[in-house]
Structure formats: structure tokens, C-alpha cells
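Here is the structure we will look at.
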Amino acid sequence: MLNLHRLTWILVARGIAALVFGLLAVTLPGVTLGSLILLFAIYALVDGVTAIIGAITHSPHHHDWWLMLLAGVLSSAVGVITLMRPQVTAIVLLIFIAVRALIVGVLEIAYAFGLRRAGGGWVLLLLSGLVSVAFGLVLLATNPIQGAVTIVWVIGVFAIVYGVTQLIMASEVRHLGKQPPVGA
């Protein structure tokens, strides 16, 4: 049986991690590149680990659970690579963040359509995936030389929007857990 309580807390953890990262990026735009690299690495690791846990936990209930597992592994790998190579330039970091956002977004969109077929709450996951893809495309189109502060703000706003969608999904899943069983 699907453990809605555990799923709720996984979504909450992902949402809070994104919100904290986003709020720090927006409120401290003058943060050094080294700090941004560290913050992003930690965020990517937390997001990746929670996505992996969520995928494994819910694998018996969704046939396309592996999409979320793949997104979690990708996010974790980017976090580890970022920690191992902190001397990456702003351009490489920008590409890491953009590629991660694009791939995770596409995987979330695919997973959302799988949930739709299963009759689950898929709309916010679809929205989250679309926002992630749009964010990745904006980052790829941004010239990092024109201003690191603008890039930090774009990254921060994306993380805040993403975090809010994760928390809303957690609230919806929590609400589903409180509904009486069908036929009760």
C-alpha cells in the first residue's frame, strides 16, 4: 500500500530544501560564487536523495517509478561532482544547473503523465516539471558574463517556485491520506 505519510514528508523535505536555497539566493545576491556552488551542491544532494527514497518507497505502486529514481540519481551526481570540483567556473555551474533542471523537468513531466494514467494527482508535478524545463532554458539563454547577480536571482526564484509546488503537492498528498476509504 502507498505510504502517503512518508510521501508527504519526502515532498516537504524537497520543498523546504528548494525554498531555503531559493531564499538565500534571492536575499543574498552578492553571495560569492564559492558559496553559491556549495549551496547548490547541498541542495542537489538533498533533492536527489529524497527523490531516490521516494522512488524506491513507491516503486511497487507506480510502474514508471524509475523516472523519479533517475532524476534523483542525476541530481545527486551533479551535487557530488559540484562538491568534488568546486573550482568550476560560473559558466560550467550555470550549465550544470541548467542541464539538471532540464532533465529533471522532463522526467517529472513524464512521471506526471504516468500518474495521470494511474488516476493520481499529477497536475502540480506536471507544473513543477514545466517550470523546471523553462528555468533550464532561461539559464542556457543567459549570458553569465552580463551579471552573476541576475543569474543568482533567476536561480533563487526558480528554487522558490519549485519549493512551493513541492509543498503544495505535500499538502494534497496529506489531504488524500485523510480521506475515508472508498466505500466507507
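Conditions first: (1) surrounded by 22 or more Cβ atoms within 10 Å (Cβ to Cβ); (2) out of contact with any helix residue (DSSP H, G or I) (no Cβ under 6 Å at 6 or more places or on another chain); (3) not basic (Lys, Arg). Asp47 passes all but one, so which condition is the exception? So Asp47 meets the others, but not (2).
For region 39-54, check the following and say yes or no: at least one residue is free of Cβ contacts under 8 Å to residues at least 24 places away in the same chain and closer than 26 Å to Leu94 by Cβ.
So far as region 39-54 goes, yes, one or more of its residues are free of Cβ contacts under 8 Å to residues at least 24 places away in the same chain and closer than 26 Å to Leu94 by Cβ.
Out of all the residues in region 22-38, is one or more buried (at least 16 other Cβ atoms within 10 Å of the Cβ), over 22 Å from Leu137 (Cα atoms) and modelled with pLDDT of 90 or more? There is no residue in region 22-38 that is buried (at least 16 other Cβ atoms within 10 Å of the Cβ), over 22 Å from Leu137 (Cα atoms) and modelled with pLDDT of 90 or more.
For region 149-167, the criterion of being in contact with an Asp or Glu (Cβ under 8 Å, 6 or more places away or on another chain), at pLDDT below 90 and farther than 18 Å from Val49 by Cα is met by none of the residues. When Leu126 is tested against (1) over 21 Å from Asn143 (Cα atoms); (2) in contact (Cβ under 8 Å) with a residue 24 or more places away in the chain; (3) surrounded by 15 or more Cβ atoms within 10 Å (Cβ to Cβ), just one condition goes unmet, and that condition is (2).
Output the residues belonging to region 28-80 that are within 26 Å of Thr150 (Cβ to Cβ), under 17 Å from the mean Cα position of the chain (by Cα) and among the small types (Gly, Ala, Ser). Result: Ala41, Ala44, Ser75, Gly79.
The number of residues in region 66-97 being hydrophobic (A, V, I, L, M, F, W, C) and either on the phi > 0 side of the Ramachandran plot or at pLDDT below 85 (or both) comes to 9. Where residues in region 89-110 are more than 13 Å from the chain's Cα centre (by Cα) and touching a residue at least 12 places away in the same chain (Cβ under 8 Å), which of them is surrounded by the most Cβ atoms within 10 Å (Cβ to Cβ)? Going through the qualifying residues, I end up with Leu93. Return yes or no: is Gly72 out of contact with any Lys or Arg (no Cβ under 9 Å at 6 or more places or on another chain), farther than 18 Å from Trp122 by Cα and touching a residue at least 24 places away in the same chain (Cβ under 8 Å)? Yes; evaluated as a whole, the condition is true for this residue.
The values are calculated or read from the model by the stated rules, or taken from the named source; none is laboratory data. The shown structure was predicted, so the numbers you read here are calculated from the model rather than taken from an experiment. Glycine also receives a Cβ, built like all others from the backbone with ideal geometry; neighbour counts cover every protein chain displayed.
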